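Some notes on the structure that comes next.
The values are calculated or read from the model by the stated rules, or taken from the named source; none is laboratory data. Note that this is a predicted model, so its numbers are computed, not measured. As a convention, Cβ positions derive from the backbone with ideal geometry for all residues, glycine included, and neighbour counts pool all protein chains shown.
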Protein chains: 12
Amino acid sequence: MSDHVYKKIELVGSSATSIEDAIENAVTTAAKSIDHLEWFEVVETRGHIVDGKVGHYQVVIKAGFRLDVS
Amino acid sequence: MSDHVYKKIELVGSSATSIEDAIENAVTTAAKSIDHLEWFEVVETRGHIVDGKVGHYQVVIKAGFRLDVS
Amino acid sequence: MSDHVYKKIELVGSSATSIEDAIENAVTTAAKSIDHLEWFEVVETRGHIVDGKVGHYQVVIKAGFRLDVS
Amino acid sequence: MSDHVYKKIELVGSSATSIEDAIENAVTTAAKSIDHLEWFEVVETRGHIVDGKVGHYQVVIKAGFRLDVS
Amino acid sequence: MSDHVYKKIELVGSSATSIEDAIENAVTTAAKSIDHLEWFEVVETRGHIVDGKVGHYQVVIKAGFRLDVS
Amino acid sequence: MSDHVYKKIELVGSSATSIEDAIENAVTTAAKSIDHLEWFEVVETRGHIVDGKVGHYQVVIKAGFRLDVS
Amino acid sequence: MSDHVYKKIELVGSSATSIEDAIENAVTTAAKSIDHLEWFEVVETRGHIVDGKVGHYQVVIKAGFRLDVS
Amino acid sequence: MSDHVYKKIELVGSSATSIEDAIENAVTTAAKSIDHLEWFEVVETRGHIVDGKVGHYQVVIKAGFRLDVS
Amino acid sequence: MSDHVYKKIELVGSSATSIEDAIENAVTTAAKSIDHLEWFEVVETRGHIVDGKVGHYQVVIKAGFRLDVS
Amino acid sequence: MSDHVYKKIELVGSSATSIEDAIENAVTTAAKSIDHLEWFEVVETRGHIVDGKVGHYQVVIKAGFRLDVS
Amino acid sequence: MSDHVYKKIELVGSSATSIEDAIENAVTTAAKSIDHLEWFEVVETRGHIVDGKVGHYQVVIKAGFRLDVS
Amino acid sequence: MSDHVYKKIELVGSSATSIEDAIENAVTTAAKSIDHLEWFEVVETRGHIVDGKVGHYQVVIKAGFRLDVS
């Protein structure tokens, strides 16, 4: 594994349900066009408030994938 | 939306159940006295440990609302 | 409580289920060998992606316990 | 000046024109209800994009005022 | 304690004597109008220099109190 | 809006005129190839000095756009 | 001194008296079981408020000691 | 350019007009006594409030210049 | 140079040999598909440990290139 | 005060007695060669441990003075 | 791998030769008493200057190992 | 050593060869005009890319020296 190169992209997933679901939405959407996603890091968690309640969560993540897969 | 002014306040919600529930508790308590809460940002997540298990989560958030609503 | 001394250790818990479960795993594992764990602070949340989905969450926490309990 | 106490509040001003105008909007709105505002600190600068151009700037500031003015 | 909600406010205390005295001044001034202050966190320590000596210390703290005490 | 996914990219705009103009240059250049840019965040402001004056401003921004627009 | 290895541990000292006393309490408690403590770094200063006054200071420090002393 | 050495100094410029003007004031004042200023980085933006309006901006910058110019 | 626009991407290079080699691997891999890479910034340095020794270094960098080259 | 320019320098003061005394030592030493010191900001607090006790405090400060005083 | 728990410790390695060698010294010293070290993260790089040259590098790392290996 | 005062300056060294060589260049250049340099801290590591390869490293350091040596 020693000489691989990875790229990290920054995504924002949202969900009315949970922080985990917002992360999963970001990951699965990215996975539609990127094949080798290997890890994510949560950068920021925020959300909108609607009628005095949490409307939905927005989770900013970085996701990493291998650049040099042939 | 271009000339609105918002205020952000810092709250700590707690819950024995989940991080989301701690956020929801902070938001709904603030909403009792503030009308136009629009968004929140998670600042810190922590909690107490009781008998070797998570006793409750404490989530510090900032919540924003419009100051200039007439 | 004024003159107590605490030590904080850094742990990484993981879970395929949720962020809360990853924290709980770290806390309960540490509690097997440490008696007076009192609080935790989340330092970082990340995870692995497997087949385009979240494989598991990894949550880095600091956990504090009293050093001077006789 | 040595024993005064100040409070800092966090505001978000917006403006379609400039960063300075967004700060000014936050300050003048706060000044309507607070008498002794003395300084501000810019915390974050962001904005919305509309039709591929900057729609308006949003500037988060902290503003400080004396608490103990009799 | 599990479902309480707290608010954190940001204060600046000053003192010609010591950092501790500046914190105490901020806390006691806030306590005149807020009943349930429970903790503080030092955010920043600074001060003015007068005639080549420390004139007074300024300590920025956040102070937390329960919002939901009935 | 609850289940959208966004991507954030990092850009550096420059301008001899102003910080706002540097941001605008970054946004309008990105908008030539990206359709749904919705917001930006200023990450860093710097610039070059030429003959003892500001030669031009360089502003690093993150810009966000929807990934899942069909 | 060029090839030594040190370990840093994180401690929280508390004191009703002063920040310095809280640091000293953390250091002297750690020194009971660790022989070669050489330096400390203050990470965070906070405290509890009791009856509208500072009840005690809590100072989080990192303390370093040599690992390879034979 | 590969072996040059630079020094960075920290300056605070102020201006009643704009953030750019405050930066320019800091740069031109420094340029009176330093010959090879090459770049600046904005570290902090703040200002004073006078009569409920922005009185002047204060911008903290770092400015870099070559040390080894013969 | 005053009106150029750049894009920054985040890469992770790895190497069993050195930190510099890990950076070089990230840069040369990116250069295969991007023409005008101009600078890099090290964001994070980490690595894996194998059999009690450093197995390889992983260096996270941001790399910048001009967007508007015609 | 609106168009003044200040320079900030970084100093480390030490004292066997207290954090305040370490700051005072840094300020008074700098004041021997600099005339218009106006403020300081604490950047870091650390110290050495000798025989299991705090040997002395080291406080890193930034100190600001006017550059353009004629 | 989903339910493992890791502990992270903070070490300082030093070397007169290189940053990599300082990291290696920290890792190999820790590996004498800890079996399952898996990764490290560089936290800080510093060093001493002797006779106007780098005397040795000091690299602060965090190193992670599995806690729950039976 | 308890009452010494130090000054820290910020330097940028560059080198086509290595990070260590860039640090050494900054230190030896500073040592030509400053007598009592005692330590350095790496603040930032970056560099230029030329023809798809690392052209040279630029390392920003802070270097400390005693102010009160008579």
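Summed over region C:10-29, residues that are of a type outside the set (Asp, Glu) and touching a Lys or Arg at 6+ places or on another chain (Cβ under 8 Å) total 4.
Number of residues in region J:10-38 that are assigned to a strand (DSSP E or B) and either basic (Lys, Arg) or crowded, with 19+ Cβ neighbours inside 10 Å (or both): the value is 7.
Each residue in region K:1-24 was checked for being in contact with a His (Cβ under 6 Å, 6 or more places away or on another chain) and aliphatic (A, V, I, L, M), and 1 pass. Residue check: residue C:32 meets all listed conditions (1) in contact with a strand residue (DSSP E or B) (Cβ under 9 Å, 6 or more places away or on another chain); (2) without any contact (Cβ under 8 Å) to a residue 40 or more places away in the chain; (3) not β-branched (Val, Ile, Thr) but one, namely (1). Which one is modelled with the lowest pLDDT, of the residues in region C:59-70 that are in a loop (DSSP other than H, G, I, E, B) and at the interface with another protein chain (Cβ under 7 Å from one of its Cβ atoms)? Applying the filter and picking the extreme gives C:68. Within region G:23-46, not a single residue is touching a Phe, Trp or Tyr at 6+ places or on another chain (Cβ under 9 Å), of a type in the set (Asp, Glu) and over 25 Å from residue K:30 (Cβ atoms). A count restricted to region K:23-58 and to residues that are within 9 Å of chain I (Cβ to nearest Cβ) and within 18 Å of residue I:43 (Cα to Cα) stands at 6. Might you check whether a residue that is outside any loop (DSSP other than H, G, I, E, B), in contact with a strand residue (DSSP E or B) (Cβ under 8 Å, 6 or more places away or on another chain), closer than 22 Å to residue F:11 by Cβ and of a type in the set (A, V, I, L, M) occurs anywhere in region D:39-47? Yes, there is a match, as at least one residue in region D:39-47 is outside any loop (DSSP other than H, G, I, E, B), in contact with a strand residue (DSSP E or B) (Cβ under 8 Å, 6 or more places away or on another chain), closer than 22 Å to residue F:11 by Cβ and of a type in the set (A, V, I, L, M). If you filter region K:1-22 down to residues that are among the β-branched types (Val, Ile, Thr) and at the interface with chain C (Cβ under 8 Å from one of its Cβ atoms), you find that the one that is farthest from residue C:31 (Cα to Cα) is K:9. Here the condition is being modelled with pLDDT of 95 or more, of a type in the set (Val, Ile, Thr) and in contact with a His (Cβ under 9 Å, 6 or more places away or on another chain); of D:27, D:54, it holds for D:54 alone. Counting the residues of region F:40-51 that are touching a residue at least 24 places away in the same chain (Cβ under 8 Å) and crowded, with 19+ Cβ neighbours inside 10 Å gives 3.
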